[in-house]
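Scroll down for the structure; my scribbles are underneath it.
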Amino acid sequence: MSASHGARPVPEAAARVLRLIDHAILNPDATEEDVRTACQLGADLGVATVCVQACWAKIAVEVLQGHTTRPASVLGFPHGANTTEAKLIEAITLLETGVVELDMVMNVGWFRSGRLDDVAEEISSLHLVCSGAGVVLKVILETGYLTDEQKVEAAALAAREEADFVKTSTGFGPSGATVEDVRLLHSAVPPHVGVKAAGGICTLAQIQELVAAGASRIGTSSTRAIAAELGVEV
């Protein structure tokens, strides 16, 4: 069945691509009007989620109520250097608002210091909170700070601690998603763990390349432009 925006159906070929997208509105200067507009765009296009900063989660839940597009938010964003306790409180608060997917930034400093037990415990704790509520947990590795070996190790660690997805980037780090990184992460996790590519994705061609490399979810703020490339105008 095709998605629809307004009274007009979205062709199924376009809808298949749009259903891969987490439409992101995470810029710090976004206003309430910007967030409401982004959520309505996501709902009209039938994307997977609209991902908002924590302070706008209630707005996303409100606007997306009754739509197939789901409300999502972020934890420890964008640096991941919060305490585990702070991330847990943030997660519980967001779950109470009704968001159903959470993108958590791994503590990259801990990981690069060899504090792998701390990283693992944090992901495991958040998994327990999220899984108990039926909420999807994505772990952002911020690959721009990691060597290829570290990318593989971090992805495998997140998978062992039962993350639902590993994700390349916040979009606020030193680099975004690359085909090579997606291929690495895809090779490092079991088939039931998804790979989300995010950071600098602006075109349909990029999405197609990243999906071919193993991405099963795409994070982008350029959803309207990508939809236009698919022949869908909103």
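The values are calculated or read from the model by the stated rules, or taken from the named source; none is laboratory data. Owing to the predicted nature of the structure, the values given are computational and were not obtained by experimental measurement. Reconstructed Cβ throughout: ideal geometry from the backbone, glycine too, with neighbour counts over all protein chains shown.
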Name the residues in the range 91-139 that are in contact with a Lys or Arg (Cβ under 9 Å, 6 or more places away or on another chain), under 21 Å from LYS58 (Cβ atoms) and either at pLDDT below 95 or not small (Gly, Ala, Ser) (or both), would you? THR97, VAL99, VAL100, GLU101, LEU102, ASP103, MET104, LEU126, VAL136, LYS138
Being closer than 20 Å to VAL47 by Cα and over 15 Å from the mean Cα position of the chain (by Cα) is true for just one of ALA188, ALA205. Which residue is that? ALA205
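Okay, residues lined up against (1) in a loop (DSSP other than H, G, I, E, B); (2) modelled with pLDDT under 95; (3) over 23 Å from ALA91 (Cα atoms); (4) of a type in the set (A, V, I, L, M):
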site: ASP29; (1), (2), (3), (4): yes, no, no, no
site: GLU33; (1), (2), (3), (4): no, no, yes, no
site: THR37; (1), (2), (3), (4): no, no, yes, no
site: CYS55; (1), (2), (3), (4): no, no, no, no
site: ILE59; (1), (2), (3), (4): no, no, no, yes
site: GLU62; (1), (2), (3), (4): no, no, no, no
site: THR68; (1), (2), (3), (4): yes, no, no, no
site: SER73; (1), (2), (3), (4): no, no, no, no
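Scan the range 83-97 residue by residue and report those that are more than 24 Å from GLY144 (Cα to Cα) and either surrounded by 23 or more Cβ atoms within 10 Å (Cβ to Cβ) or in contact (Cβ under 8 Å) with a residue 40 or more places away in the chain (or both). Working first, answer last.
In the first step, residues of the range 83-97 are kept if they are more than 24 Å from GLY144 (Cα to Cα); the result is 85-86, 88-97.
Correct list: LEU88, ALA91, LEU94, LEU95, THR97.
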Could we say that ALA163 is among the small types (Gly, Ala, Ser), at pLDDT 95 or above, more than 18 Å from VAL47 (Cα to Cα) and in a loop (DSSP other than H, G, I, E, B) here? yes
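Looking at GLY199, GLY173, GLY231, which one is more than 12 Å from the chain's Cα centre (by Cα), in contact (Cβ under 8 Å) with a residue 12 or more places away in the chain and either closer than 19 Å to VAL52 by Cα or crowded, with 19+ Cβ neighbours inside 10 Å (or both)?
On the way: GLY199 fails: more than 12 Å from the chain's Cα centre (by Cα); GLY231 fails: either closer than 19 Å to VAL52 by Cα or crowded, with 19+ Cβ neighbours inside 10 Å (or both).
Every option except GLY173 fails the conditions.
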Residue that is farthest from LEU94 (Cα to Cα) [pool: residues in the range 39-53 that are surrounded by 24 or more Cβ atoms within 10 Å (Cβ to Cβ) and of a type in the set (A, V, I, L, M, F, W, C)]: LEU45
What are the residue pairs meeting all of these: first residue in the range 6-25, first residue at pLDDT 95 or above, second residue of a type in the set (D, E, K, R) and outside any strand (DSSP E or B), Cβ atoms under 7 Å, and 6 or more apart or on different chains? ILE25/ASP34
Would you mind stating whether GLY144 is modelled with pLDDT of 95 or more, closer than 19 Å to MET104 by Cβ and surrounded by 20 or more Cβ atoms within 10 Å (Cβ to Cβ)? no
Exception for ASP103 within (1) of a type outside the set (A, V, I, L, M, F, W, C); (2) over 14 Å from VAL189 (Cα atoms); (3) without any contact (Cβ under 8 Å) to a residue 40 or more places away in the chain falls at (3)
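In the range 89-124, what residues are among the charged types (D, E, K, R) and part of a strand (DSSP E or B)? Even if it seems obvious, please write down each step before you answer.
The initial filter retains those residues of the range 89-124 that are among the charged types (D, E, K, R), namely 90, 96, 101, 103, 112, 115, 117-118, 121-122.
Result: GLU101, ASP103.
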Restricting the range 194-231 to residues that are touching a helix residue (DSSP H, G or I) at 6+ places or on another chain (Cβ under 6 Å) and not in a helix (DSSP H, G or I), the residue that is nearest to HIS23 (Cα to Cα): ILE218
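Conditions (1) surrounded by 17 or more Cβ atoms within 10 Å (Cβ to Cβ); (2) out of contact with any Gly (no Cβ under 7 Å at 6 or more places or on another chain); (3) of a type in the set (Asp, Glu), marked per residue:
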residue	(1), (2), (3)
ASP103	yes, yes, yes
VAL119	yes, yes, no
GLU122	yes, yes, yes
SER125	no, yes, no
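Going through the range 158-170 one residue at a time, which ones are buried (at least 20 other Cβ atoms within 10 Å of the Cβ) and of a type outside the set (S, T, N, Q)? Steps first, please.
Step one: of the range 158-170, the residues buried (at least 20 other Cβ atoms within 10 Å of the Cβ) are 158-159, 163-170.
Across the range 158-170, the qualifying residues are ALA158, ALA159, ALA163, ASP164, PHE165, VAL166, LYS167.
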